[in-house]
Amino acid sequence: MLDEHNLLIGLKQGNEEAFSLLFKAYYKDLVLFGGWYLPDRVACEDIVQSIFLKLWDERSALTITSSLKSYLLKSVRNACLDEIRHQNIIQEHEDYTAHSMIYREVDIDHYILYSDLQKYVEKVLKIMPEAYREAFLLSRNEGLKYREIAEKLQVSERTVEVRMSKALELLRKYLKEFLV
Amino acid sequence: MINTELHDTDEFINLWQITHPAFNPSDIDVEKAEATIRKKIRRRDYFIMKAFLYWQRLAAVLIIPLIVLSAYLYLTRDVAECQETGYQVIKSPYGIFSQVNLPDGSNVWLNGGTELKYPMKFTPGKRLVYLNGEAYFEVTSDTKNPFVVQTNQMELTATGTKFNIEAYADKAQTAVTMVSGKVDVAFGQSPSIPLSVGTRTCYNGQTGQQTLEQTNPYKWYAWKDGLMIFRDDSLGYVFNRLEQTFNVKIILKDPTLSNDLYRATFEDESLDEIIRLLEMTAPIKFVFQKRSKTIDGYYEKQKIDVYRI
């Protein structure tokens, strides 16, 4: 685990090593988090880089009341939403969220990062019943909507819904153990 | 859509997000991104440094002439001008006596047509004043900080003492009369000599001649009390005194008059009264000239012709 407190102190003193460690630890996860709002990898990478640049510039005046993770997530979310507004691509965004998941606010303070869970997700998927895994992977890897999955698997849309729910339920149950 | 009852929680949204990334996580090149951001930081630091160096160079460009100018002003500074800043100048016009209290507590009486320059605050080691004209000094005793009077052709050094100095810059003669204490006087370029009480020394800047005589000192500084005391003094001297006291110009129509000796004491008498007394007691006659105006519209000094009868 990162000693975030010491890294922040190092950052405030202009320690490039600390900055590098923080960058390596959070960059990928933040870009992926930004993807939730703005499905454009290059745009998300630009946003996250400018957030880190700002973090470096304002390091001496930095006051983070919550955690650095929350601070960064909030920054990414706000920047992405700003970017969406600027590009006036709200329409596209809605199309995207419609096929993936309901668009709503996330609990940033308790957010679990991609890299925290990724390796466990694969493990849980392996021990999951085939039917659930199949539906889940089609949704995840190919970005198919429930209707499309139902067609592909020759089952009803309702069945897909149930299988997906079961898969997520199992993931949640097992991942909770890892997260404790 | 997913079963909302079960899944519409922060936890599930979080889980969904993680398991359904918008783009392939392996497409994200962290190292490349870090290199990019480091380059950005360095380039910006470089510009900041460049801006700093630019200002530094500009400052250097500005500071060199500034130093040269300062050095020039310092080296060529006008000494008198420098001193002017902290100095006080008291002028007593012809016909008027003035009394000055100096910062060290010394008292100075200025006769007509006299100018005294002194610092607002004496520097330690030397209480230096400049005199042009006639003045009577009562100097506060301070052996550590001698009191120095500088005139056109003399430097007088005293610690605590009373003396009278006649040193009008437009007159050849400079004289010092010792009343009490002890002073050292240096005329012109000569070394300083001590003066004792009751002596009067005169120096003629044109001839370089120096005389020393015993005298009744009060006669020489009685002017400060409004008295004019003449004891076998030449009429030339008497007329000088009158000129000084009453701001007039007395013209001797017969040069031999100036050597006639005269004896009198005047106290708070007007010029008219003194002239009347002189005409009564000496074979002379005064004639007031008509006062003429200068081009500026001011009246010139009253001129009085003196004839031998």
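Things to note:
- Residues satisfying the stated conditions in region B:238-259, i.e. surrounded by fewer than 14 Cβ atoms within 10 Å (Cβ to Cβ) and hydroxyl-bearing (S, T, Y): B:T256
- For B:G181, the stated conditions hold: it is on the phi > 0 side of the Ramachandran plot and modelled with pLDDT under 90.
- Selection count where residues are over 22 Å from B:I28 (Cβ atoms) and of a type in the set (S, T, N, Q), scope region A:1-49: 3
- Residue match in region B:46-67 (condition: out of contact with any Phe, Trp or Tyr (no Cβ under 6 Å at 6 or more places or on another chain) and either within 14 Å of chain A (Cβ to nearest Cβ) or not in a helix (DSSP H, G or I) (or both)): yes
- Some residue of region B:9-28 being open to solvent by less than 60 Å² (accessible area, probe 1.4 Å), within 8 Å of another protein chain (Cβ to nearest Cβ), more than 24 Å from A:V160 (Cα to Cα) and at pLDDT 80 or above: yes
- Evaluating A:L137 against the criteria (1) modelled with pLDDT under 80; (2) open to solvent by 40 Å² or more (accessible area, probe 1.4 Å) leaves one unmet condition, (1).
- Meets criteria (over 17 Å from B:V176 (Cβ atoms) and out of contact with any Leu (no Cβ under 6 Å at 6 or more places or on another chain)) for B:T211: no
- Residue within region B:169-188 that is aliphatic (A, V, I, L, M) and part of a loop (DSSP other than H, G, I, E, B) present: yes
- Strands (runs of 3 or more DSSP E) contained entirely in region B:207-309, each with at least 1 residues that are among the aromatic types (F, W, Y) and closer than 29 Å to B:V179 by Cα: B:227-234, B:261-267
- On the stretch given as region A:34-61, residues that are of a type in the set (V, I, T) and part of a loop (DSSP other than H, G, I, E, B) total 0.
- Any chance A:I127 is surrounded by fewer than 17 Cβ atoms within 10 Å (Cβ to Cβ), away from every other protein chain (no Cβ under 11 Å) and under 17 Å from B:T19 (Cα atoms): yes
- Hits in region A:104-124 - residues which are facing chain B (nearest Cβ under 9 Å), open to solvent by less than 40 Å² (accessible area, probe 1.4 Å) and in contact (Cβ under 8 Å) with a residue 40 or more places away in the chain: A:V106, A:Y111, A:I112, A:L113, A:Y114, A:L117, A:V121
- Pairs meeting the criteria (first residue in region B:177-197 and among the charged types (D, E, K, R), second residue in a strand (DSSP E or B), beta carbons under 6 Å, at least 6 apart or on different chains) are B:D184/B:T157; B:D184/B:P194.
- Applying the criterion of being acidic (D, E) and within 11 Å of another protein chain (Cβ to nearest Cβ) to the residues of region A:143-172, the residue that is farthest from the chain's Cα centre (by Cα) is A:E157.
- Within region B:145-165, the set of residues being closer than 20 Å to B:G112 by Cα, buried (at least 24 other Cβ atoms within 10 Å of the Cβ) and not aliphatic (A, V, I, L, M) comprises B:F163, B:N164.
The values are calculated or read from the model by the stated rules, or taken from the named source; none is laboratory data. If you're wondering where the values come from, they're calculated on a predicted model, not measured in any experiment. Neighbour counts are summed over all protein chains in view; Cβ atoms, including those assigned to glycine, are modelled from backbone coordinates with ideal geometry. Just so you know, the surface numbers come from the protein's heavy atoms only, side chains and all, with ligands and any DNA or RNA stripped out. Shrake-Rupley method; radii C 1.70, N 1.55, O 1.52, S 1.80 Å.
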